[in-house]
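The values are calculated or read from the model by the stated rules, or taken from the named source; none is laboratory data. Just so we're clear, the structure is a prediction, and the values are computed from it rather than from any experiment. Using ideal geometry, Cβ is built from the backbone for each residue, glycine included, and neighbour counts are taken over all protein chains shown.
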Amino acid sequence: MLNSTNQPLSKLNIFSLKGVQMKTFHITWLTFFFCFFAWFGMAPLMKMAREQLNLTKDQVGNIQIASVSATILARLMIGRIIDKFGPKRIYTWLLVLCAIPVIFIGTSQSYLSFLIFRLAIGVIGASFVITQFHTSIMFAPNIKGTANATAGGFGNAGGGAANFFMPLIASGLSAIGLCTSADSWRYAMIFPGIMLLLCAFLYHRYTEDSPAGDFKNLDMGKKNKENTFLLAAKDYRTWILTIAYAACFGVEITVDNFAPIFFTDSFGATIAVAGMVAGIFGWINIFARPVGGILADKIGKTWGFDGKTLLLASLLLIEGIGLIWFAKSGNIGMAILMMFVFGLSLKMANGATYSLVPFINPKAVGSVAGIVGAGGNIGAMLIAFMFKAKANHLSKNLTGDHVLHKDLIDYTSAFTLLGYIILTIGIAVFIFRTVMAQKQRNINELVFNPSK
């Protein structure tokens, strides 16, 4: 174990705050938690906003697309920026700037203004890249996968917390008379905005860019003159991980956005119940993503990069099967169970993916993390387009000809198709890994056994 205070740690003790490495670890996952909380804070409140702003099915689809599309460019850009300037300054400014649309989305009075605010909030998804970069640089190679997955898992749980707590915050505000029930979603969004500003202060005050200190004091920007984005883009493994991450994290964002509406409109759940049920999916991150990283690290010690890739392919296959079963469950009890099953494999796949990221190119960790992270949002955006196209209007009769609801949305066929797509990607990653492993074995035989 490296004992020097200015070296990456080779052991993760989550109950420790000793040293800049562990302080940074805890602050970065906590910050990432509230970034996700703010990013998906509107998801469980969308039914309220939809009714008050009279949003159509297509407009809801466009808003969901907007919520993930801005993150794509933000993640691509921020990866290169943190390679040069370090995570501390970039994260602080990101938090301050993104707090603005989070707080002011409640002022929306039309579809267009709501869409613009939702688009701006999506930029905060770039926080993930900074979190993964910061944990990668603070920990040694033997523990990078575990550290990345644990920080990512704890942080991603913010999406589940938002689904669980935001309806409670909104109802609490109306219950104590601070606002009407119809306007409660507007005031509720102030809370995550304030938390982002608090996290900005903590990040700037108590973290450093690396175990050795801040980049500006180490002249890291001057030392790193290579175009790290090109270094990352030239490696085909970056793009394999990008596709894989689209198939796991892209689905996670989709479920965070669409699950509350799916449970309210398909199973008649209340907003609060739907938020709590969908929150289960987010809370899985606390243990599932870390388990994926830990398992990948253990497999990597014996079977290396290829072994980790095989694990990733297997998890994607389980995810695809679980998604199909979830869509076809037919009742809320089975839907919750299957959401847990495919959610478990999905979040383990997230951890397995980012256990591989730091080893693509050590000179371009930020850029690789940015490209792969953007792949998750590209996947989410494409899936959102598919959900928009596959969504159906659904009406339910209470008695006779009396219509209980006139404007419900059915996403059953969209979730089913998504399951088959993920299953196909899992098979493709498995085949690719097998082919590349065989080629490597053939190369080794030529090198070490030329007589054959």
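Is one or more of the residues making up the range 69-76 polar (S, T, N, Q), under 30 Å from LYS390 (Cα atoms) and within 20 Å of the chain's Cα centre (by Cα)?
Yes, that holds for at least one residue.
Filter the range 276-335 down to the residues that are among the aromatic types (Phe, Trp, Tyr) and over 30 Å from ASP410 (Cβ atoms) and list them by number.
PHE287, TRP303, PHE305
Of the residues GLY292, GLY322, GLY275, only one is among the small types (Gly, Ala, Ser), surrounded by 24 or more Cβ atoms within 10 Å (Cβ to Cβ) and touching a Phe, Trp or Tyr at 6+ places or on another chain (Cβ under 7 Å); which?
None of the others qualify; the one that does is GLY275.
Would a scan of the range 177-196 turn up a residue that is modelled with pLDDT under 95 and of a type in the set (D, E, K, R)?
no
Could you list all residues from the range 34-57 that are out of contact with any Cys (no Cβ under 9 Å at 6 or more places or on another chain), part of a helix (DSSP H, G or I) and buried (at least 18 other Cβ atoms within 10 Å of the Cβ)?
Answer for the range 34-57, where residues must be out of contact with any Cys (no Cβ under 9 Å at 6 or more places or on another chain), part of a helix (DSSP H, G or I) and buried (at least 18 other Cβ atoms within 10 Å of the Cβ): PHE36, PHE37, ALA43, PRO44, LEU45, MET46, LYS47, MET48, ALA49, ARG50.
Does at least one position in the range 10-20 carry a residue that is in contact with a Leu (Cβ under 7 Å, 6 or more places away or on another chain) and either surrounded by fewer than 22 Cβ atoms within 10 Å (Cβ to Cβ) or closer than 22 Å to GLY250 by Cβ (or both)?
Yes; the residues of the range 10-20 include at least one that is in contact with a Leu (Cβ under 7 Å, 6 or more places away or on another chain) and either surrounded by fewer than 22 Cβ atoms within 10 Å (Cβ to Cβ) or closer than 22 Å to GLY250 by Cβ (or both).
The rows are residues; the columns are (1) of a type outside the set (Val, Ile, Thr); (2) more than 28 Å from ASN6 (Cα to Cα).
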| position | (1), (2) |
| --- | --- |
| TRP29 | yes, no |
| PHE32 | yes, no |
| GLY41 | yes, yes |
| LEU73 | yes, yes |
| ILE78 | no, no |
| LYS84 | yes, no |
| ILE90 | no, no |
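Considering only residues that are of a type in the set (S, T, N, Q) and in contact with a Ser or Thr (Cβ under 6 Å, 6 or more places away or on another chain), look in the range 346-390 and name the one that is farthest from ALA244 (Cα to Cα).
Applying the filter and picking the extreme gives SER367.
Considering THR242, THR228, which residue is of a type in the set (Val, Ile, Thr), modelled with pLDDT of 95 or more, closer than 23 Å to ILE72 by Cβ and out of contact with any strand residue (DSSP E or B) (no Cβ under 9 Å at 6 or more places or on another chain)?
After applying the criteria, what remains is THR242.
Of all residues in the range 131-189, how many are surrounded by fewer than 24 Cβ atoms within 10 Å (Cβ to Cβ), farther than 27 Å from VAL255 by Cα and touching a Leu at 6+ places or on another chain (Cβ under 8 Å)?
3
Identify, please: which residue in the range 290-338 is charged (D, E, K, R), touching a residue at least 40 places away in the same chain (Cβ under 8 Å) and part of a helix (DSSP H, G or I) and is, among those, nearest to LEU12 (Cα to Cα)?
Filtering first and then ranking leaves ASP297.
Which one of THR264, THR270, THR302 is buried (at least 21 other Cβ atoms within 10 Å of the Cβ) and of a type in the set (Val, Ile, Thr)?
It is THR264.
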